[in-house]
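Down below is the structure, laid out as structure tokens.
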């Protein structure tokens, strides 16, 4: 993940948040978070929030990614799965002519 903050910007964000002395990755601690876990750590793209809330958000986003990946699987995978067969992934290096 890209980091675009100088030390001075990073410290200023923390100081302005009023949570400087509560930084840390324990449940009641505070962390620097990116909305939607997207983009760089940059001025305007970070907020200070509870570590616990960041973990909840991270888990929710991971679940959404897993669900989206299942929906995007080829139909053959569902058919093979129903028959109890492990589907063969496509070989990106297969140079067999069509």
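Tabulated results
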item	result
Relative contact order %, segment 7-78, counting alpha carbon pairs below 8 Å whose residues are six or more apart	24
Inter-label distance, nm, simple model (7 Å from Cα along the C-beta direction), residue 43/residue 15	1.4
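None of the figures in this text is laboratory data; all of them are computed from the coordinates on show. None of these values were measured; they are calculated from a predicted model. All Cβ positions, glycine included, derive from the backbone under ideal geometry; neighbour counts span all protein chains shown.
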